[in-house]
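First the structure, in the form of structure tokens, and then the observations on it.
Just so it is clear, none of the values below were taken in a lab; they were calculated from the coordinates. Values in this document were obtained by computation on a predicted structure and should not be read as measured data. Neighbour counts are summed over all protein chains in view; Cβ atoms, including those assigned to glycine, are modelled from backbone coordinates with ideal geometry.
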Amino acid sequence: MSGVDRKNLTVTGRHAALADPNFSVNEEAVIVVSQAFGPRGDNLVGISDATFDGYPAVTVGVRIGDREGLVHLSPIHGDTRKSGFVDIEPGTRCQLFCPVSGELLGKIGDVEDGSGAAYYALYLTDKLSAGEVVQISDVWGHYHSRIIDDMELISYWAAQHS
């Protein structure tokens, strides 16, 4: 398991209690987000025709000054592909919103890399819990994201590929 941040990884085995995971893992340990909810509980996966490698895109609204549009993000964790409203200069700070409700995505915290970027929440379940979230950066071209899942994504994969 190269590339795993072992210092910050804890495997407890709680994943066994998860009846219907909100992600899927293929044989090569590719993490695919199958649902992502906005701040009012709207599922943002598959609301457009955009797909990446056959998987429906995660769609978010992006606003920069008086310009705004929909950006379709690859649901494959670590994949930087996107489509839609993408004519944006790298390094531009973006306002991120739910394309269904129009509500701003909730700020989770600052990215701790000195870039000045912040993480915003797309929830993995309709419980809208900060413990089950995809965190995306608000700076265009700053490809930092994290998946936080109380049901331990890595341990789920490990159990399936022992």
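One table, with the values for the structure above:
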item	result
Cβ crowding within 10 Å averaged over residues, with 133-142, 74-83 ranked highest first	133-142, 74-83
Per-residue Cβ neighbour rank within 10 angstrom, fewest leading, 60, 30	30, 60
Stretchable slack from residue 143 to residue 63, in nm (0.36 nm times residue separation minus alpha-carbon distance)	27.0 nm
Neighbourhood charge, 10 Å Cβ-Cβ cut-off, centred on residue 101 and excluding it, Lys, Arg +1 and Asp, Glu -1	-1
Packing rank of 41-53, 118-130, where each peptide gets the mean count of other beta carbons within 10 Å, highest leading	118-130, 41-53
Nearest-0.05 FRET efficiency for residue 110 and residue 53, computed from C-beta distance (R0 30 Å)	0.45
